[in-house]
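*Asks:* Pasting a structure here, questions to come.
Computed from the coordinates by the stated procedures, all read-outs in this text should not be read as laboratory data. Given the structure is predicted, the values throughout are model-derived calculations rather than measurements. Cβ sites come from the backbone with ideal geometry, for glycine too, and all protein chains shown count toward neighbours.
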Amino acid sequence: MSAATRSSSPFSKMAVLGIVLVGFLAFISLLYFLSAGDTGDQRNDGAAHASATGLNGYAGFVRLLEKENYDVTLSRTPGGLETTDLLILTPSLYADGEEIGRILNNRDYLGPTIVILPKWFANRPPRNLPGESAGEFKEGWVQLGGATQLAWTSELPGVFEFEHQIETLEETEAPNWSGIETAGELPTKTVAYAEENELHQPLITDGAGHTLALSVLGEEGSEYYEDAHWTIFVVEPDLVNNYGLARSENAEAALALVREAGYGGEYESVTIDMTLQGFGGADNLLTLAFRPPFLAATLCLILAMLIIGWRAFLRFGPAAVSGPEIAFGKKRLVSNGAGLIVRAKRLGLLAEPYADLSARRLSHRLGLTRPEPEAIDAALAARLPDEEPYSLRADRLREAQSPTEILRAAQALRELEGKLAK
């Protein structure tokens, strides 16, 4: 085997360090986005959620709350539904009423809740718009279709159940509303409202007395009435969505509803759920690795990786380059074969073949036609009368047990061959 040599590295230390740092930062970014559930830009999908900038979205509502110094969190994990902060739900048009009911029942003793009901069908702008018209649409904008009546509100459990209705006002009627010490006008004449329910308290009503926002009180004297946190339904989403917030009075109503749900401003932290709009996901293994009780093991693993990486980075000199492990040629082949036999501890298997090989070499040097032991002994007695016969040496080799005995017997045959060569 050839001696090891040193070859210069094709990369400098700074280049290797840069590659490692970029890879490490990319890995940390992957962990962050997976844990946050942010795997792509889905704001312009036509749905009504807290990241949507279209008419039916609530991105403006989020900015309004932040401007009012609320601590707003957009939750993309089911664990956000367990918060003790003020929770705002924005279910879809086709939500599961039983699922919403389970969430609301679980919230009774966790914290207050606001449910903003959907209303509009919305789509992305068509791709075949003329150039000038297409340029007027900003990222995230949508086209509103018709309003739809929700069926799942009647499937809500107990005190939360109500009938959802849609009404389009006449041309001469104004979509006015009033309540919670303010008044204003809706952006369209299509109004969503809830039918009256003795277990609910209207907070905002329109000119016809329809309930646009309500607080769930429950039956007076019941456990829910006495102990449960407040739940508010915003039945008319145009009060708080981007479409409605173009009017300042609607923005005042949106803030008033938040203060009402938060017991007059006691709650300064607001969590807006995104999972009901399909932005949620279960905890993944990478995220769990950075949470107790797995955090300790993860930190130890990272520390070990840093130590190994630093040791490799500061090693002495370039990497050693060695020759082939198995050299070419007959000598190397024989050496490797012998080494294999020695390692396998099968030296005894060589005794019989070596005795026969020695017989052929001796018969050749003695001028015999056949390597027969009797003929070799007779020829040796005539030529070297003082030497021990071949047959005795060969028998001693065949009967040897230990490696030392085998080597000594084989050496005796080899010495006999050497004397004949002189």
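*Asks:* Any idea what angle helix 330-343 forms with the longest principal axis of the chain, computed on alpha-carbon atoms, 0 to 90 degrees, nearest 10?
*Replies:* Once rounded, one gets 80 degrees.
*Asks:* Report the calculated FRET efficiency for N105 and L17 (r = Cβ-Cβ distance, R0 = 51 Å), to the nearest 0.05. Provide the component values of the computation, followed by the final result.
*Replies:* Details: r = 55 Å, r/R0 = 1.08.
After rounding to 0.05, the efficiency reads 0.40.
*Asks:* Which entry is the computed Rg and Dmax of the Cα atoms in Å for this structure: (1) 44.9, 143; (2) 25.1, 79; (3) 21.1, 67?
*Replies:* It is the one labelled (1).
*Asks:* Residue by residue through the stretch 167-172, what is 3J(HN,Hα) from phi via Karplus (6.51 cos²θ - 1.76 cosθ + 1.60, θ = phi - 60°)? Round to whole Hz and write x for glycine and proline.
*Replies:* Once rounded to whole Hz, the list reads 9, 9, 6, 5, 4, 7.
*Asks:* Taking the Cα centre as origin and putting +1 on Lys and Arg beta-carbons and -1 on Asp and Glu beta-carbons, what dipole magnitude results for the chain, to the nearest 20 debye?
*Replies:* Details: 36 positive and 56 negative charges, 1356 e Å.
Roughly 6520 debye for the chain.
*Asks:* Can you work out the Karplus-derived ³J(HN,Hα) for every residue in the stretch 145-161? Use 6.51 cos²θ - 1.76 cosθ + 1.60 with θ = phi - 60°, whole Hz, and x for glycine or proline.
*Replies:* Using θ = phi - 60°, the values come out as x, x, 8, 10, 7, 8, 8, 6, 5, 7, 9, 5, x, x, 5, 8, 6 Hz.
*Asks:* Which value in nm describes the separation of the simple spin-label points at L347 and E139, placed 7 Å from the Cα toward the beta carbon?
*Replies:* Distance between label points: 7.9 nm.
*Asks:* Could you give the size of the charge dipole of the stretch 330-421 about its Cα centre, using +1 on the Cβ of each K and R and -1 on the Cβ of each D and E, expressed in debye and rounded to the nearest 20?
*Replies:* Working: 17 positive and 13 negative charges, 156 e Å.
That gives a dipole near 740 debye.
*Asks:* Among M305, M14, what is the fewest-to-most ranking by other Cβ atoms within 10 Å?
*Replies:* Details: M305 11, M14 8.
If I rank by nearby Cβ atoms, fewest first, I get M14, M305.
*Asks:* Considering the options L86, S215, P403, tell which one lies farthest towards the positive end of the dipole of the chain, charges being +1 on Lys and Arg and -1 on Asp and Glu at the Cβ, about the Cα centre.
*Replies:* Looking along the dipole axis, the top candidate is P403.
*Asks:* Say the dipole of the chain comes from +1 at the beta carbon of Lys and Arg and -1 at that of Asp and Glu; which of T182, Q143, L257 then lies farthest toward its positive end?
*Replies:* In the chain, that residue is Q143.
*Asks:* Please give the residues of the stretch 87-116, grouped as numeric ranges, whose backbone N is less than 18 Å from a label point set 7 Å along the Cα-to-Cβ vector of A151.
*Replies:* 92-101
*Asks:* Once the other residues with Cβ under 11 Å from the Cβ of G60 are scored (Lys, Arg +1; Asp, Glu -1), what is the net sum?
*Replies:* On the way: positive: R63, K67; negative: E66.
Neighbour charge sum, excluding G60 itself: +1.
*Asks:* Just order 86-99, 216-229, 178-191, 51-64 by mean Cβ neighbour count inside 10 Å, highest at the front, would you?
*Replies:* Numbers: 86-99: 19.5, 216-229: 14.4, 178-191: 16.6, 51-64: 21.9.
Final packing ranking: 51-64, 86-99, 178-191, 216-229.
*Asks:* What's the FRET efficiency of R332 with L407 using the Cβ-Cβ distance as r and R₀ = 22 Å, to the nearest 0.05? Walk me through the numbers on the way to the answer.
*Replies:* Details: r = 22 Å, r/R0 = 1.00.
Approximately 0.50, to the nearest 0.05.
*Asks:* Hey, another quick one. Net charge near R259, counting Lys/Arg +1 and Asp/Glu -1 over other residues with Cβ under 10 Å of its Cβ? Let's see the in-between values first.
*Replies:* Numbers: positive: none; negative: E68, E260, E266.
Once all neighbours under 10 Å are counted, the net charge is -3.
*Asks:* In whole angstrom, note down how far apart the Cα centers of the stretch 62-120 and the stretch 154-195 are.
*Replies:* 20
*Asks:* If you take the beta carbon distance between L340 and L25 as r and set R0 to 45 Å, what does 1/(1 + (r/R0)^6) give as a FRET efficiency, to the nearest 0.05? Could the numbers behind the result be given before it?
*Replies:* Details: r = 50 Å, r/R0 = 1.11.
According to the calculation, E is roughly 0.35.
*Asks:* Any chance you could give the angle, 0 to 90 degrees and rounded to 10, that helix 97-107 forms with the longest Cα principal axis of the chain?
*Replies:* The answer is roughly 90 degrees.
*Asks:* Please determine, in degrees from 0 to 90 and to the nearest 10, the orientation of helix 351-366 with respect to the longest principal axis defined by the Cα atoms of the chain, where the helix direction is its Cα long axis.
*Replies:* It is inclined by approximately 40 degrees.
*Asks:* I want the local charge near L217. Using Cβ-Cβ distances under 12 Å, sum +1 for each Lys or Arg and -1 for each Asp or Glu among the other residues. Mind dumping the intermediate values first?
*Replies:* Working: positive: none; negative: E198, E219, E220, E226.
Local net charge: -4.
*Asks:* Separate question: Considering the options A59, L74, P371, tell which one lies farthest towards the positive end of the dipole of the chain, charges being +1 on Lys and Arg and -1 on Asp and Glu at the Cβ, about the Cα centre.
*Replies:* Of the listed residues, the answer is P371.
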